[in-house]
1. Hey, which lysines would be in cross-link range of K291, C-alpha to C-alpha under 19 Å, not counting anything within fewer than 8 residues on its own chain?
2. Excluding same-chain residues fewer than 8 positions from K339, which lysines have a Cα within less than 19 Å of its Cα?
3. What is the magnitude of the charge dipole of region 93-206 about its Cα centre, with +1 placed on the Cβ of each Lys and Arg, -1 on the Cβ of each Asp and Glu, and no other charges, expressed in debye to the nearest 20?
4. Using the Kirkwood radius built from alpha carbon pairs, what does the Stokes-Einstein equation give as D for region 53-323 at 20 °C and 1.002 mPa s, in µm² per second?
5. Kindly list the residues of region 57-87 that lie in the label zone of L182, defined by a backbone N under 19 Å from the point 7 Å along the Cα-to-C-beta vector.
6. Suppose we take every Cα in region 146-199 and form the convex hull; what volume per residue is that in Å³?
7. What spacing in nm lies between the two simple spin-label points modelled at T242 and E175, each 7 Å away from Cα in the Cβ direction?
8. Taking N as the number of residues in region 123-179, what is its alpha-carbon radius of gyration divided by 2.2 N^0.38 Å?
Amino acid sequence: MQLNRSRTVGRIDGFTVRRGNRCFFPSVAFCGFLLFSFAYSARAAFEDIPAGAREAGFGGQSAALEDPLSFFSNPALPGSIRKFETGAFFLASKRTTQGPADFNASGAWLTLPRTGVGKPATFSIAGLYRGDAGIFTQKTLLLGWSTLNKVRNDSGMVDFGANFKIMQAADKAGESAAGVALDLGTVFKPDDRHAVGFSILNLNNPSFNVGTLKDKAPLVIRLGVTERREDYTMALDLAKRTASAGQNGNVSLNPGVEHVWRTERAGLLFSRAGLNLAERATALSAGFGWKHLASEFSYAISVPLTGAVVPAHSLTLALRFGDRDVTSEYERLIRQEIKYRKDLVEALDESAERENLLKEELASMKGEIDSLNSRLKDTQEQKASAASEKERLAAVIRRQAAAEAELKAMAERNKVDKLSQLKYNFSVDWQAYLKLKGGGAPDEVLKGSLQRLVSQYQDSGVDMSQATVELQQLVK
């Protein structure tokens, strides 16, 4: 009987390693290869990574969250953008929505709203560059289009959108492959606070074969809902992806919340938190943002809850052209209105005081007339003095008529002044409504503002035809 001199020295991933056994080195090599294979980040093509720091702060992309970069997750969302916007973003992460990875992504975009002839719409143009550990690069050129209030009825509003993407993948050896993809999306808004979005990304599921990279851009189906309150925005997104990066497709659930902190002069501050629940890609996210005048800056960090804990970082800078400081504009209008009303109140007080003096003078004249009439009756026998008394009475009557005429004119001037004040107030309120409408306010807010205008100035003599016509159009 032959003795086996091998001795067990340990186990590696279920394999017994014995010293003195001929299969020791092949086993170690094989185990090392397995460990390396499991530890090495899988490479994949064009996954749905978070676009921008705001979406990253919410836990990932959302099919119903209105954001400058929302067209990456739902092409229908940018339709509500009414300002020319541009910006850039950066993302560094060790994980995609499918699992472990090692990449940096950066991009820039601009949105062009159309408000002229025809139905309003928004065009989107974006470029995205992604480098995977210096081994592969991925480039995407996106051209998007979305509607504004395409379908509108008593139940709410529905919009549609589409993205056409030109994508290219290349490796460090110079091999490359290109493809095109189509995104479709729709969003339903039953009211000003809620939105439901549905989108299909990479509808044609294009494939890319570059060197060792043989993969398809995953088909992603998204369904999301959001609710906006005065200082809070809450989002929930559900996504289903097809296979990619050598992994089976997965399903993710993304809840997120945002709170706005309003300052008097420094703009708006945002705090965000979110959670991405997905197989191989669960992570906890947080972020903040600052918006002042026409610029907005956002940052987000995402910490994986499974696997290696290497945080991901995201930055976004957005600029909006055509925005004005609405708060300062309203403050200026309010100051002007206060000054005008103060001057008008002083003029009205002066007129009221003059009116009281005239009334007192008329009362005094009436008493004098009564006294003169009495004296005239007593001196009827005195014909010599009758003529002078009659002349004096006529003079008093003339003064009375002049005073009454002046009082009547004063009353007319007061009436004109009051009508001028009402016209001015209506013009100020109408301009405020136009600013509100130009800022993209919802129809319910516009309707309420017009109803207040009509009820306030009804039967006042002010021409309200503009407000009446505008209200009729909104009620239809």
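None of the figures in this text is laboratory data; all of them are computed from the coordinates on show. Source: prediction; values computed, not measured. When we count neighbours, we look across all protein chains shown, and the Cβ atoms used for this are built from the backbone with ideal geometry, even at glycine.
1. Straight-distance partners of K291: K83.
2. Hits, sequence-local ones excluded: K418, K423.
3. On the way: 12 positive and 9 negative charges, 37 e Å.
Its charge dipole is roughly 180 debye.
4. Details: Rh = 18.9 Å.
Translational diffusion coefficient: 113 µm²/s.
5. 72-77
6. Values: hull volume 4.8 nm³, N = 54.
That works out to 88 Å³ per residue.
7. Simple spin-label model gives 2.2 nm for this pair.
8. On the way: Rg = 17.5 Å, N = 57, 2.2 N^0.38 = 10.2 Å.
Taking N as the residue count of region 123-179, the ratio is 1.71.
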